[in-house]
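**Q** Pasting in a structure now, in structure tokens, and then I'll have a few things to ask.
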Amino acid sequence: MKGEILIIGLFLVSLPDTSLATDCPDGWMAYNASCYLFAHDNPYHWIGLTDDVIEGQWKWHDTDQVATFTNWWTGQPDGLRNANCVIIHAALQYKWTDQGCQESFKPLCEIASVY
Ligand SMILES: [Ca+2]
């Protein structure tokens with residue numbers, strides 16, 4: 001009787017968790033349900049978010065929708081009208097900072113992952 005319980009327990013532990021499995025093209029980074037490409041040598045990447053129309057109202061460039069999620073680095077945003085583009089950098093744990101849009105940051109590419 002004790003051996004049967006052990007076998008059932010091992011079976012349950014060995015089941016793979018496919019709920020977070022992702023399949024991204026080579027060179028792309030999987031995160032949640034998306035794949036991201038950091039395709040350039042520049043460590044700074046623009047994520048497509050800007051407040052260039054109304055200061056403090058951060059909108060996605062492609063949809064013109066107000067961001068419902070934010071991930072600011074401590075003390076950010078702090079650039080006011082001189083910083084209207086949101087940038088991420090590995091050294092800041094990919095948290096957001098506002099920078100001037102006149103800088104030549106490369107875009108971060110995102111596609112849906114395949115489950
Ligand atoms: Ca701003």
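The values are calculated or read from the model by the stated rules, or taken from the named source; none is laboratory data. Since we're looking at a predicted model, the values are computed, not measured. Quick reminder, even Gly has a Cβ in these numbers, built from the backbone with ideal geometry, and neighbours come from all protein chains shown.
**Q** Of all residues in the stretch 22-72, how many are among the aliphatic types (A, V, I, L, M) and not in a loop (DSSP other than H, G, I, E, B)?
**A** Residues meeting the conditions: 6.
**Q** For ALA112, state whether it is within 15 Å of the ligand (Cβ to nearest atom) and of a type in the set (Gly, Ala, Ser).
**A** Here the answer is no, as ALA112 does not meet what is asked.
**Q** Okay, moving on. Mind checking whether some residue in the stretch 29-44 is at pLDDT 90 or above and not small (Gly, Ala, Ser)?
**A** yes
**Q** What about ILE87, is it within 14 Å of the ligand (Cβ to nearest atom) and assigned to a loop (DSSP other than H, G, I, E, B)?
**A** no
**Q** Considering GLY75, GLY100, which residue is within 12 Å of the ligand (Cβ to nearest atom), surrounded by fewer than 18 Cβ atoms within 10 Å (Cβ to Cβ) and not polar (S, T, N, Q)?
**A** That would be GLY100, the only listed residue that is within 12 Å of the ligand (Cβ to nearest atom), surrounded by fewer than 18 Cβ atoms within 10 Å (Cβ to Cβ) and not polar (S, T, N, Q).
**Q** Take the residues of the stretch 78-97 that are within 20 Å of HIS40 (Cβ to Cβ) and among the hydrophobic types (A, V, I, L, M, F, W, C): which is surrounded by the most Cβ atoms within 10 Å (Cβ to Cβ)?
**A** The qualifying residue surrounded by the most Cβ atoms within 10 Å (Cβ to Cβ) is VAL86.
**Q** Taking the stretch 42-72 as the search range and keeping residues that are away from the ligand (no atom under 16 Å from the Cβ) and more than 14 Å from LEU108 (Cβ to Cβ), which one is surrounded by the fewest Cβ atoms within 10 Å (Cβ to Cβ)?
**A** Per the stated criteria, the residue is PHE69.
**Q** What number of residues within the stretch 47-61 are more than 16 Å from the chain's Cα centre (by Cα) and farther than 20 Å from HIS89 by Cβ?
**A** Qualifying residue count for the region: 6.
**Q** List the residue pairs whose Cβ atoms are under 8 Å apart, where the first residue sits in the stretch 36-61 and is on the phi > 0 side of the Ramachandran plot and in contact (Cβ under 8 Å) with a residue 24 or more places away in the chain, the second is within 16 Å of the ligand (Cβ to nearest atom) and not in a strand (DSSP E or B), and the two are 6 or more positions apart or on different chains.
**A** Qualifying pairs under 8 Å: GLY48/HIS61.
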